[in-house]
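To keep things clear, I will list the structure first and then write my remarks on it.
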Amino acid sequence: MDFSKQVDELQVHVAEMQAAVKAAATETHAQIQERIDEAQGKMDKAAKTAKADAAKAGDDASAGWAKIKADTAARVAATKRTIDRRGDEFDARVADDDATLAESDAASAIDFAEWAVDNARVATLDAIDARIYASQKQAAIRV
């Protein structure tokens, strides 16, 4: 068995994973989901290939390894579904918090607008009153 070759392949695999993780840090949710789906597809394909190889070889060890890979792929898929669900729940909570903050901002803006209108009413009435008072004083001087 050529372990050196397997280790080299493993290093390439780790480097690809590292590149994917680094790239994902700057990607959108949709792009990351696409990466996850692609990785899941590769894992599923590898599990199917391992099962097929095990069936062809008829080797108990290969069959056991194929079963482990298939079981792992199934567990990863289940975990992904759980993560997606939890992510959706988290997104829903965050969206709800954002909506609550937006509603609070809107209520504050409406309160401010109401205050501004009341302030404008008082200022306008004061201006009208000042003009009437000034006109009365000017009229009193002319008399």
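Here, each number is a calculation from the coordinates, and none is a lab measurement. Just so we're clear, the structure is a prediction, and the values are computed from it rather than from any experiment. Quick reminder, even Gly has a Cβ in these numbers, built from the backbone with ideal geometry, and neighbours come from all protein chains shown.
A Förster radius of 41 Å combined with the Cβ-Cβ distance from His13 to Ala102 puts the calculated FRET efficiency at roughly 0.35.
Computed from the C-beta positions of Arg93 and Ala30 and an R0 of 22 Å, the FRET efficiency is 0.65 to the nearest 0.05. Remark: the Thr124-Val76 segment gains 10.4 nm on full extension, using 0.36 nm per residue and subtracting the alpha carbon distance.
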